[in-house]
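Following: one structure in structure tokens, then a few remarks.
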Amino acid sequence: MKTLKTIFSVFLIFISGCETSSQFSDELPVRELSRTEKQIVSSSDNFAFKLFKEIADEESDKNVFISPLSISMALGMTLNGAEGSTYEAMRNTLSLSGITQQEINESYPSLIQLLTKMDSKVIMQIANSTWYRNTFPVKESFIEINKKYFNATINPMNFGDPATVNIINNWVKEATNGKIDKIVERIDPATIMFLINAIYFKGTWQYQFDKNKTKDDFFTKQSGEKIPCKMMNIETDFYVSSNDTFTMLDLPYGKGNFSMSILLPARDKTLKDVITVLNDALWNNSIKTMSMVKKELFMPKFKLEYKIKLNETLKALGMEIAFDPYNANFKKIYDGFGNVYISDVDHKTFVEVNEEGTEAAAVTSVTVGVTSVSDNVIRLDRPFIFVIREKNSNCILFIGKLEDPS
């Protein structure tokens with residue numbers, strides 16, 4: 001029996017740069033999240049830390065940059081097609097236990113609106129799409145649910161036409177403002193569907209670095225090797241908190257609704273020590289205990305591209321059955337001859353940090369190393385973690401570690 005397969009691809013772009021004009025005229029006022037929205041964000045952040053730990057462990061000496069929000073949103077669309085043990089495995093992996101499918105679906109539209117309309121000085125765009133073989137009888141209910149709750153564009157296509165690959169990739173390129181130009185290399189004859197999420201972010205630092213103060217410097221890798229870098233410098237008031245394992249420092253974008261949170265290991269700790277203890281509770285406590293302190297910050301400019309196939313990572317987190325060609329249950333997508341399963345989950349990211357702001361794609365896990373010269377100086381000249389988040393909801397958009405800024 002020939003087995004049918006469906007591929008779910010994940011994309012996210014995070015961009016930030018100089019933006020002087022308002023992107024949105026219909027900016028929404030800051031509001032309290034509903035109970036279910038808070039649960040969804042908490043689940044998303046919990047999934048972010050689980051995913052980041054797994055990937056960081058797999059790629060211990062490499063730069064990592066991922067978007068948990070993008071990945072969870074693409075898998076959230078896919079979840080609507082799952083049943084039985086496949087559904088439970090996916091829901092548990094995404095840390096969504098205790099929330100009904102209806103609550104999950106209903107929270108996404110309001111969360112998307114909140115994130116994209118929060119700050120008129122920050123561009124935040126989220127796009128979803130479904131692409132399926134036009135000769136394949138996909139259940140209409142699956143299509144309509146993702147169209148309604150994820151605002152997904154629906155595209156029945158001729159998968160046998162070579163031009164289809166270009167059409168899909170052009171959508172990705174447009175949705176990421178040209179930062180990611182390809183996600184699909186070819187379409188396998190057995191492939192029936194792609195579910196794609198794209199996130200684009202562009203913002204400027206609230207306190208921009210002076211380009212004239214950027215100097216040649218060195219960044220010390222975990223191996224002890226020193227590599228040259230361009231080190232930015234600024235002295236201002238930052239929100240900072242510390243514990244026995246790391247110091248957290250917040251760099252706001254735009255009006256302050258979005259920020260990059262830097263996690264610098266304590267002098268006697270390593271990046272791995274930070275990653276080991278990092279969880280939702282410690283994260284929230286570190287944010288709550290922040291206070292305004294004047295600091296001189298030295299931070300390297302860096303630019304990196306990252307891509308990863310998440311199949312094995314998601315299997316390790318409990319989603320193995322969803323990738324099983326014979327035992328996966330996606331009968332809410334198709335219930336006929338053959339069996340539908342997830343073939344691949346692909347993720348691509350891009351990030352650039354400079355004096356004006358941050359430009360990035362997908363999810364990033366960055367290891368940041370800092371050697372403090374004095375109590376008032378923070379030097380990110382060794383591996384560190386950085387997280388890009390929306391502060392009202394505390395939703396993690398990106399998380400990464402920087403091992404090498406060159």
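Which cross-chain or sequence-distant (5 or more) residues have an amide H under 5 Å from the amide H of Ser343, H modelled 1.01 Å from N in plane?
For Ser343, the qualifying residues are Thr6, Ile7, Phe8.
On a 0 to 90° scale, report how tilted helix 84-93 is relative to the longest principal axis of the chain, with both axes built from alpha carbons and the result rounded to the nearest 10.
Between the helix axis and the principal axis of the chain, the angle is about 10 degrees.
Considering the dipole of the chain built from charges on the beta carbon (Lys and Arg +1, Asp and Glu -1) around the Cα centre, which of Asn155, Val172, Gly400 is farthest to its positive end?
About the Cα centre, the residue reaching furthest to the positive side is Asn155.
Measure off 7 Å from each Cα along the Cα-to-Cβ vector at Ser97 and Thr289, then give the distance between these two points in nanometres to one decimal.
Taking the two extended label points, one gets 2.8 nm.
Over the Cα atoms of the chain, each weighted equally, I'd like the Debye log10 I(q)/I(0) at q = 0.07 Å⁻¹, rounded to two decimals.
Log-scaled intensity ratios, in q order: -0.31.
Taking the range 216-353, how much of its Cα-Cα pair set, in percent, is spaced more than 28 angstrom apart? Don't jump to the answer; show the numbers that get you there.
On the way: 3955 of 9453 pairs.
The proportion of pairs with Cα distances above 28 Å equals 42 percent.
Place a +1 charge on the Cβ of each Lys and Arg in the chain and a -1 charge on the Cβ of each Asp and Glu, then give the dipole magnitude about the Cα centre in debye, rounded to the nearest 20. Present the calculation step by step, with values, prior to reporting the outcome.
Details: 46 positive and 51 negative charges, 40 e Å.
The calculated dipole for the chain is roughly 200 debye.
Of Lys38/Lys139; Lys50/Lys348; Lys148/Lys173, which ones are farther than 20 Å apart at the Cα? Show your work: numbers first, answer last.
On the way: Lys38/Lys139 31 Å; Lys50/Lys348 18 Å; Lys148/Lys173 24 Å.
Over 20 Å Cα-Cα: Lys38/Lys139; Lys148/Lys173.
By its C-alpha gyration tensor, with a ≥ b ≥ c as the square roots of the eigenvalues, how is the range 52-167 shaped: rounded for a/c under 1.5, else prolate for a/b larger than b/c, else oblate? Provide the component values of the computation, followed by the final result.
Working: a/c = 1.27, a/b = 1.24, b/c = 1.02.
Here the range 52-167 falls in the rounded category.
Normalise the Cα radius of gyration of the range 241-295 by 2.2 N^0.38 Å (N = residues in it) and let me know the number.
Here the answer is 1.16, to two decimals.
With the Cα gyration tensor of the range 156-305 in hand, give its eigenvalues times 5 under a square root as the equivalent ellipsoid semi-axes, listed largest first in whole angstrom.
Values: eigenvalues 301, 78, 66 Å².
After diagonalising the Cα gyration tensor, the semi-axes are 39, 20, 18 Å.
In the structure displayed, which of Lys62/Lys226; Lys226/Lys303; Lys307/Lys332; Lys121/Lys215; Lys202/Lys303 lie more than 21 Å apart, Cα to Cα?
Lys307/Lys332; Lys121/Lys215
Please label the shape of the range 163-240 as rounded, prolate or oblate, based on the square roots a ≥ b ≥ c of the eigenvalues of the alpha-carbon gyration tensor (a/c under 1.5 means rounded; beyond that, a/b larger than b/c means prolate, else oblate).
It comes out prolate by the Cα gyration axes.
Each value in this text was obtained by applying a stated rule to the coordinates, not by laboratory testing. Model, not experiment: these values are computed from the prediction. Because the Cβ atoms are built from the backbone with ideal geometry, glycine has one as well, and the counts that use them run over all protein chains shown.
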